[in-house]
């Protein structure tokens, strides 16, 4: 009861003076940007911080003893929630890594067949060699996972262009099957990325939820996480005419 009363007082002071008004953003009246705007993910991690007000709030609860004990229990629950959310992010990331590794294996098999019939660009071979090495790594960082995915897309495009130029290669059942498998894995990666980004969004929101989760996150040194992003090359190709 004491805890609820304190929260109520804080909310009353925070929102005091707010007036009922219409939508702050109204799509019917503008202003609007008729040229549109490209959206990019900001590569910046934010850190929750404890303010003086939050510290005073905690002290006030402990003065009343019972609210302090209740609040301590809520912080324990908040810590458990954040730890579970971290595990979910890790599991989603692992799923992406597994699909990426399968794509590397397929790419290596296709290149072995193509190599016998024609010549690929030297840069393509170098990228594939790097991917083979990277696929053996475990627990890729967010940046490494994103870079690996983009490099795979680039390498497969190079192989696909080469295969298109040689009808004999294109008609080979093994290569055709590998290309289908690659297409399937791309869709699975897209779905896995959505789950990963959803978990990251939950995390980024949770660590700033005042008071319990923010306090726990700030004292644990947690920061926001950067979601899976598309490369500039992919964005540019998405603007091109396909048909």
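Points worth noting:
- Scan of region 69-118 for residues that are more than 30 Å from residue 201 (Cα to Cα) and in contact with a helix residue (DSSP H, G or I) (Cβ under 8 Å, 6 or more places away or on another chain), ordered by number: 105, 106, 107, 108, 109, 110, 111, 113, 114, 117, 118
- Filter result (free of Cβ contacts under 8 Å to residues at least 24 places away in the same chain and more than 30 Å from residue 82 (Cβ to Cβ)) within region 166-200: 167, 170, 171, 173, 176, 177, 180, 183, 184, 187
- Condition check for residue 50: in contact with a helix residue (DSSP H, G or I) (Cβ under 7 Å, 6 or more places away or on another chain), in a loop (DSSP other than H, G, I, E, B), modelled with pLDDT of 90 or more and within 19 Å of residue 222 (Cβ to Cβ): yes
The values are calculated or read from the model by the stated rules, or taken from the named source; none is laboratory data. Every value quoted in this text rests on a predicted model; they were computed, and no experiment measured them. Virtual Cβ from ideal backbone geometry, glycine too; neighbours counted across all protein chains shown.
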